[in-house]
């Protein structure tokens, strides 16, 4: 019996085998989607670049030679240099770490928060639902960047505050999605059955309701990554995100703006990075959605 | 084992049950028969603690009086109509059967789950399958197994075979009958299907518009001798279409 | 000449493990009569009905040596030509009427709309025909019902409206796929009565697809018993008890009776089929 047969077995012998089997099927379906694989490759690239930034970057991201300022792309500086003579490639590589940190922190804060609010509102209904969803609507009615701006203005500029601000602006969407998802199966008999077994409300929500909302939330978060990166870059561009000399992509574009006509590469190179990484998350999220769609789950 | 006295249930302004009373002895199999809207399922839900009771009293199992949800779970469990909707789509059979044991902190989960799979006639190799890998009849066996995990004396059956194929219905009915004999269970069956009552039950109550119009033994059903006109109408409709 | 002739009908779906035949070489003729097709889930009975209507969902493939409706070869007919047939020539009643009626249009308007799409009748004639059709399905106050929205009628009434909607176009062939399983027992008889009546009075051909042996035996002239994509037995409706094939006999035996005294029901032994 090959590993593949073992994974695809209809009669797994252990819990572990059953779980690995499910994961293998997901991965297999995902691998059949070429665009999702392109997205996956981009995200993997981002992860590797961020992990090995100090070794990959040819120069220091913060120290430059003023004699070499605003050099066009060449063999010594593949992406050219900026107004302080810093190597843009090195800054973009180090910037991957900042972008990844922001994206992951925002996802880790906002997705569970949204999931919790949405499932609780959807499951309990009544006044709990009205209060929680009213709150959600208030946050949802404000444009994300404007809301983030307001929070950063209140909390003060900096990466940590930018993360908090973006997370506060991002969770309502997940709450809405999770609630809508809960409403589709709220009356299902498997929830009646678990209630009849005497399960506590906490247990029902955490172990029976949330897992069913998980896949749509994961898909949405992945698709939102692009938006989060852009919001972070926007804050950076406005000078409210990462502070100099940190090589944050948005901040780099902001500084390059002054030279956009004569030294295009200063603003364009980090712009490329933002576009490519955003695209990667979008493609991967699209693929995930196709695979996690419950209608497709039943296929062998 | 089950005592229902003057039970009334309201949904908003409409009263769906009017002073319903009946008793089911331990080990007896009792059927509630009627059309949709007759309130038969509502009685089941009231006994399961899923709808608020507007008046009257309910007593269930060995204990009397008000019960916590956890205590009630040890007394009564339910098998639902739709085997596709009553199992959590993302949990394996093992998860579904272990859950009641986890909730009630019972030991020996592995042994109990395997023993229960044997009891309901499911192969042990199905243990880690997901519901979508099972047929309708197999899912209904899982639902029955789940209901029996806590060894409750009373089982509520809500049209347990009406969503199944004919040949599968026979298997599930046989299984229910065997389990009742082995474990001395008390059944309360809700159905619109008189032949199923004839096979599985000892007595029945006929409901119409939230009231019991007649109570009879299964012999009366087999002989087609109902006292009420509505009972005879139901019988005729089954026999002659 | 028969209304519908089917020879060696096959419906195939591709799967991960190669193509799977859902209907395997089915042949039958349907005249102006009531033909029942019984089978359990997965027997291919619904796919047979859909194949005739040209409604097999993608990526399913339909092949047949002969598939003739009223002298017209249905094989290789364009989707457009099929759509022209569906409605005025053949129509299908589905399980749950609530999913087949448009919830925001009044019932009367929906029926008239169906006529307007296919017919060339004037507006006044359409209205008269619509009211006729509603009376034909034994709706006692058609004027009132015509003004209702689909959610304002019960399941049984909804199903009758669905049938009325097909009847106005006077199709020659009606395929009813489990037309009563979403309905209460008390109204099932009425709906089937109406269908049977249409066959008798208007000379329609009816294909009644169901899992319910007794119901089909009661309402049809002839029964095809399907198992695993094939017809295992053809029976006259009254002869259910004389069935020869072990599958049919097994099915009949496994049904509980109203005066049931058997301790256990016999279970179908699939390994011997």
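The values are calculated or read from the model by the stated rules, or taken from the named source; none is laboratory data. On a predicted model such as this, the values are computed, not experimentally measured, just so you know. We place every Cβ from the backbone using ideal geometry, glycine too, and count neighbours over all the protein chains shown.
Quickly run through the stretch C:170-191 and pick out the residues that are touching a strand residue (DSSP E or B) at 6+ places or on another chain (Cβ under 6 Å) and in a loop (DSSP other than H, G, I, E, B).
The initial filter retains those residues of the stretch C:170-191 that are touching a strand residue (DSSP E or B) at 6+ places or on another chain (Cβ under 6 Å), namely C:171, C:173-179.
C:171, C:178, C:179 - these are the residues of the stretch C:170-191 that are touching a strand residue (DSSP E or B) at 6+ places or on another chain (Cβ under 6 Å) and in a loop (DSSP other than H, G, I, E, B).
Rundown of residues vs (1) at the interface with chain A (Cβ under 8 Å from one of its Cβ atoms); (2) surrounded by fewer than 19 Cβ atoms within 10 Å (Cβ to Cβ); (3) part of a helix (DSSP H, G or I); (4) touching a strand residue (DSSP E or B) at 6+ places or on another chain (Cβ under 8 Å), yes/no style:
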{"site": "B:94", "(1), (2), (3), (4)": "yes, no, yes, no"}
{"site": "B:98", "(1), (2), (3), (4)": "no, no, yes, no"}
{"site": "B:107", "(1), (2), (3), (4)": "no, yes, no, no"}
{"site": "B:112", "(1), (2), (3), (4)": "no, yes, yes, no"}
{"site": "B:118", "(1), (2), (3), (4)": "no, yes, yes, no"}
{"site": "B:122", "(1), (2), (3), (4)": "no, no, no, no"}
{"site": "B:128", "(1), (2), (3), (4)": "yes, no, no, no"}
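Only residues in the stretch A:255-274 that are without any contact (Cβ under 8 Å) to a residue 24 or more places away in the chain count as the first member; pair them with residues that are part of a helix (DSSP H, G or I) and surrounded by fewer than 18 Cβ atoms within 10 Å (Cβ to Cβ), Cβ under 8 angstrom, at least 6 apart or cross-chain, and list the lot.
If the second residue must be part of a helix (DSSP H, G or I) and surrounded by fewer than 18 Cβ atoms within 10 Å (Cβ to Cβ), the pairs left are A:267/A:257; A:267/A:259.
Considering only residues that are touching a helix residue (DSSP H, G or I) at 6+ places or on another chain (Cβ under 8 Å), outside any helix (DSSP H, G or I) and over 24 Å from residue B:89 (Cα atoms), which ones fall in the stretch A:1-43?
A:33, the sole residue that qualifies.
Looking for something away from chain B (no Cβ under 13 Å) and either touching a residue at least 12 places away in the same chain (Cβ under 8 Å) or touching a strand residue (DSSP E or B) at 6+ places or on another chain (Cβ under 7 Å) (or both) - is there at least one such residue anywhere in the stretch C:254-266? Spell out how you get there, then give the answer.
Filtering the stretch C:254-266 for residues away from chain B (no Cβ under 13 Å) gives none.
No, that holds for no residue.
What's the total number of residues in the stretch C:193-225 that are in contact with a strand residue (DSSP E or B) (Cβ under 6 Å, 6 or more places away or on another chain) and under 17 Å from residue C:250 (Cβ atoms)?
5
With (1) within 14 Å of chain A (Cβ to nearest Cβ); (2) outside any helix (DSSP H, G or I); (3) surrounded by fewer than 18 Cβ atoms within 10 Å (Cβ to Cβ) as the list, and residue B:53 as the residue in question, which single condition is left unmet?
(1)
In the stretch C:227-253, how many are away from every other protein chain (no Cβ under 11 Å) and part of a strand (DSSP E or B)?
7
Do we have residue B:60 as within 14 Å of another protein chain (Cβ to nearest Cβ), over 26 Å from residue B:136 (Cα atoms) and crowded, with 22+ Cβ neighbours inside 10 Å here? It would help to see each step written out before you state the result.
Details: within 14 Å of another protein chain (Cβ to nearest Cβ): yes; over 26 Å from residue B:136 (Cα atoms): yes; crowded, with 22+ Cβ neighbours inside 10 Å: yes.
It is true that residue B:60 is within 14 Å of another protein chain (Cβ to nearest Cβ), over 26 Å from residue B:136 (Cα atoms) and crowded, with 22+ Cβ neighbours inside 10 Å.
Which residue, of C:235, C:198, is without any contact (Cβ under 8 Å) to a residue 24 or more places away in the chain and farther than 30 Å from residue B:219 by Cα?
Numbers: C:198 fails: without any contact (Cβ under 8 Å) to a residue 24 or more places away in the chain.
The conditions single out C:235.
Which one of these does residue C:217 not meet: (1) closer than 17 Å to residue C:35 by Cβ; (2) surrounded by fewer than 22 Cβ atoms within 10 Å (Cβ to Cβ); (3) more than 13 Å from chain B (Cβ to nearest Cβ)?
(3)
Determine which single condition residue C:210 fails, assuming it passes every other condition in (1) without any contact (Cβ under 8 Å) to a residue 24 or more places away in the chain; (2) more than 10 Å from chain B (Cβ to nearest Cβ); (3) under 19 Å from residue B:161 (Cα atoms).
The single condition residue C:210 does not satisfy is (1).
Every residue in the stretch A:185-239 that is within 24 Å of residue A:106 (Cβ to Cβ), within 13 Å of another protein chain (Cβ to nearest Cβ) and surrounded by fewer than 23 Cβ atoms within 10 Å (Cβ to Cβ), please.
Within the stretch A:185-239, A:206, A:210, A:211, A:212, A:214, A:215, A:216 qualify.
Listed here are the residues, each with its yes/no results for (1) crowded, with 18+ Cβ neighbours inside 10 Å; (2) farther than 28 Å from residue C:56 by Cα.
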position: C:68; (1), (2): yes, no
position: C:77; (1), (2): no, no
position: C:81; (1), (2): no, no
position: C:127; (1), (2): no, yes
position: C:147; (1), (2): no, yes
position: C:154; (1), (2): no, yes
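Can you confirm whether residue A:154 is within 30 Å of residue A:244 (Cα to Cα) and surrounded by 21 or more Cβ atoms within 10 Å (Cβ to Cβ)?
Details: within 30 Å of residue A:244 (Cα to Cα): yes; surrounded by 21 or more Cβ atoms within 10 Å (Cβ to Cβ): no.
Judged against the criteria, residue A:154 is not a match.
Looking only at the stretch B:1-46, how many residues end up being farther than 18 Å from residue B:159 by Cβ and outside any strand (DSSP E or B)?
Counting residues in the stretch B:1-46 that are farther than 18 Å from residue B:159 by Cβ and outside any strand (DSSP E or B) gives 7.
Give just the number: which of (1) crowded, with 17+ Cβ neighbours inside 10 Å; (2) closer than 20 Å to residue A:242 by Cα does residue A:77 not satisfy?
So residue A:77 meets the others, but not (2).
Just to confirm my filter: which helices (runs of 4 or more DSSP H) fall fully inside the stretch A:225-300 and include at least 1 residues that are at pLDDT 85 or above?
Values: elements: A:249-256, A:265-292, A:294-297.
The helices (runs of 4 or more DSSP H) meeting that bar are A:249-256, A:265-292.
Quick one: would you say residue B:9 is touching a strand residue (DSSP E or B) at 6+ places or on another chain (Cβ under 6 Å), under 15 Å from residue B:189 (Cα atoms) and either without any contact (Cβ under 8 Å) to a residue 24 or more places away in the chain or away from every other protein chain (no Cβ under 14 Å) (or both)?
Working: touching a strand residue (DSSP E or B) at 6+ places or on another chain (Cβ under 6 Å): yes; under 15 Å from residue B:189 (Cα atoms): no; either without any contact (Cβ under 8 Å) to a residue 24 or more places away in the chain or away from every other protein chain (no Cβ under 14 Å) (or both): yes.
Considered against the rule, which asks whether it is touching a strand residue (DSSP E or B) at 6+ places or on another chain (Cβ under 6 Å), under 15 Å from residue B:189 (Cα atoms) and either without any contact (Cβ under 8 Å) to a residue 24 or more places away in the chain or away from every other protein chain (no Cβ under 14 Å) (or both), residue B:9 comes out as no.
Would you tally the residues in the stretch B:63-84 being in a loop (DSSP other than H, G, I, E, B) and either over 16 Å from the mean Cα position of the chain (by Cα) or more than 7 Å from every other protein chain (Cβ to nearest Cβ) (or both)? Working first, answer last.
First pass over the stretch B:63-84, keeping only residues in a loop (DSSP other than H, G, I, E, B): B:63-68, B:80-84.
If we keep only those that are either over 16 Å from the mean Cα position of the chain (by Cα) or more than 7 Å from every other protein chain (Cβ to nearest Cβ) (or both) too, we end up with B:63-68, B:81, B:83-84.
Going through the stretch B:63-84 one residue at a time, the tally reaches 9.
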